[in-house]
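The structure under discussion appears below in the form of structure tokens.
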Amino acid sequence: MEQGIVARLAPYIWGYDDETPEQAIGKVLTERGLTLATMESCSGGFLANSITDVPDCSTYYKGGVVAYTQGLMIANGVPAQTLRRYGMASQETATAMAQAIRKHLEADFGIGITGVAGPSELEGQPVGQVYLAIAGANGVKEASLRVPPRRAVIKRRIANTALIELRRMISAGPIVAN
């Protein structure tokens, strides 16, 4: 019966039993010998914190940057022209963050998260608007979410979404290691 369920719902399964998204992705990254790096803005390091809650995460997690200013984003490889043209809270910036941190830390995957955690809108974007990008050798996966405008909910939801989407990305096909 389980095989039948898995066969039909495979794209939506990210873990089993009481497994958390960070445990599930840690297992997959370890099994495949892949690495991950992160650059976060509105999530304030929540993603990095979640990843490092898993024992032995140092085997696949290269590290992360919490970039709350344009200067820190630029210092870590995000092009200044991207920030000028699209702003800090944009899909283009999330993508540039993912690509920059992947390159900077020489990881197989880079995750970029930006958006508006509040308490007020930023650059015309409402509180709760978040952008996610996952960069790998085979391309970039982008996503945007609109979540309830509560800081803790925003951080948790985007971090979990990032890990689940990375798991889906890895499961979707062959991965080229860095």
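From the list ARG85, ARG151, ARG102, exactly one residue is among the charged types (D, E, K, R), more than 18 Å from THR38 (Cβ to Cβ) and touching an Asp or Glu at 6+ places or on another chain (Cβ under 9 Å). Which is it? Please lay out each step first, then the result.
Values: ARG151 fails: touching an Asp or Glu at 6+ places or on another chain (Cβ under 9 Å); ARG102 fails: more than 18 Å from THR38 (Cβ to Cβ).
Result of the check over ARG85, ARG151, ARG102: ARG85.
With the structure loaded, tell me whether ALA37 is buried (at least 21 other Cβ atoms within 10 Å of the Cβ) and either part of a strand (DSSP E or B) or of a type in the set (Gly, Ala, Ser) (or both) or whether it fails that test. Outline the logic, then answer.
Details: buried (at least 21 other Cβ atoms within 10 Å of the Cβ): yes; either part of a strand (DSSP E or B) or of a type in the set (Gly, Ala, Ser) (or both): yes.
For ALA37, the condition - buried (at least 21 other Cβ atoms within 10 Å of the Cβ) and either part of a strand (DSSP E or B) or of a type in the set (Gly, Ala, Ser) (or both) - is met.
Return the pair list, or none, for Cβ contacts closer than 8 Å from residues in the stretch 30-42 that are on the phi > 0 side of the Ramachandran plot to residues that are charged (D, E, K, R) and assigned to a strand (DSSP E or B), at least 6 apart or on different chains.
That search, which allows pairs on different chains as well, returns nothing.
Residue by residue through the stretch 94-115, note down the ones that are in a helix (DSSP H, G or I) and of a type in the set (A, V, I, L, M, F, W, C).
From the stretch 94-115, those in a helix (DSSP H, G or I) are 94-104; that's our starting set.
Passing the criteria: ALA94, ALA96, MET97, ALA98, ALA100, ILE101.
Considering only the stretch 63-82, state which residues are crowded, with 17+ Cβ neighbours inside 10 Å and more than 20 Å from GLY45 (Cα to Cα).
Of everything in the stretch 63-82, just one residue is crowded, with 17+ Cβ neighbours inside 10 Å and more than 20 Å from GLY45 (Cα to Cα), namely THR82.
Here is a yes/no grid of residues against (1) assigned to a helix (DSSP H, G or I); (2) free of Cβ contacts under 8 Å to residues at least 60 places away in the same chain; (3) on the phi > 0 side of the Ramachandran plot:
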{"position": "ALA117", "(1), (2), (3)": "no, no, no"}
{"position": "LEU132", "(1), (2), (3)": "no, yes, no"}
{"position": "ALA135", "(1), (2), (3)": "no, yes, no"}
{"position": "VAL153", "(1), (2), (3)": "yes, yes, no"}
{"position": "ARG156", "(1), (2), (3)": "yes, no, no"}
{"position": "THR161", "(1), (2), (3)": "yes, yes, no"}
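Out of the residues in the stretch 83-101 meeting the condition of being of a type in the set (D, E, K, R) and more than 15 Å from LEU72 (Cα to Cα), tell me which one is surrounded by the most Cβ atoms within 10 Å (Cβ to Cβ). Working first, answer last.
First, pick out the residues of the stretch 83-101 that are of a type in the set (D, E, K, R): 84-85, 92.
Add one more test, that the residue is more than 15 Å from LEU72 (Cα to Cα), and what stays is 85, 92.
On the way: ARG85: 11, GLU92: 18.
This residue is GLU92.
How about the stretch 44-93: which of its residues are in a loop (DSSP other than H, G, I, E, B), touching a residue at least 12 places away in the same chain (Cβ under 8 Å) and within 21 Å of GLU165 (Cα to Cα)?
Pass one, the stretch 44-93, residues in a loop (DSSP other than H, G, I, E, B): 44-45, 52-56, 60, 67-69, 76-79, 87-90.
Going one step further and asking which of them are touching a residue at least 12 places away in the same chain (Cβ under 8 Å), we end up with 44-45, 53-54, 56, 60, 67-68, 76-79, 87-90.
Correct list: GLY44, GLY45, ASP53, VAL54, TYR60, ALA89, SER90.
For the stretch 102-135, which positions are acidic (Asp, Glu) and crowded, with 21+ Cβ neighbours inside 10 Å? Let's see the steps before the verdict.
Here is the first cut: in the stretch 102-135, the ones acidic (Asp, Glu) are 106, 108, 121, 123.
ASP108, the sole residue that qualifies.
FYI, it's all coordinate maths here, none of it is from the lab. Quick caveat: nothing in here was measured; it's all calculated off a predicted structure. Positions of Cβ are backbone-derived with ideal geometry, glycine not excepted, and every protein chain shown enters the neighbour counts.
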